[in-house]
Amino acid sequence: MQVQNRIIKVTVITGHGAILEEAAGQYLDILRENLGKMDYRLSGVSFVNPMNEKERYETDSFFRSRFI
């Protein structure tokens, strides 16, 4: 989750992205509404496959130099 100036972006890393994204879709409006009540704004929710993230981190020089 990333928060900056009360704007929130959520990234869900899961191997079941399509299934979870479909199930979560019905709750996104509720999440947006409730965050709005607390003076936050939801900019987006993304679902990412962990294998794709692992490959990205292994090849990204920023992450490789700091975490490996």
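Values in this text are rule-based calculations from the coordinates and carry no lab data. Note that the structure is a prediction, hence the values are computed from the model and not measured. In this analysis, Cβ positions are derived from the backbone assuming ideal geometry, glycine residues included, and neighbour counts consider all displayed protein chains.
Each residue of the range 11-24 is assigned a 3J(HN,Hα), and the resulting list reads 10, 9, 9, 8, x, 10, x, 5, 5, 5, 4, 5, 5, 6 Hz, derived from the Karplus form 6.51 cos²θ - 1.76 cosθ + 1.60 (θ = phi - 60°), x at Gly and Pro. Taking amide H positions as modeled 1.01 Å from N, with prolines and chain starts lacking one, the residues under 5 Å from Val12 and 5 or more places away or on another chain are Ser46, Phe47, Val48. Database remark: amide H of Ser43 closer than 5 angstrom to the amide H of Ile8, Lys9 (H placed geometrically; neighbours at sequence offset of 5 or more, or on other chains; Pro and chain starts carry no H).
Spin-label model, Val48/Glu21: points 7 Å from Cα along the beta carbon direction are separated by 1.4 nm. Spacing of the modelled spin labels on Thr14 and Leu35, each 7 Å from Cα toward Cβ, amounts to 1.6 nm.
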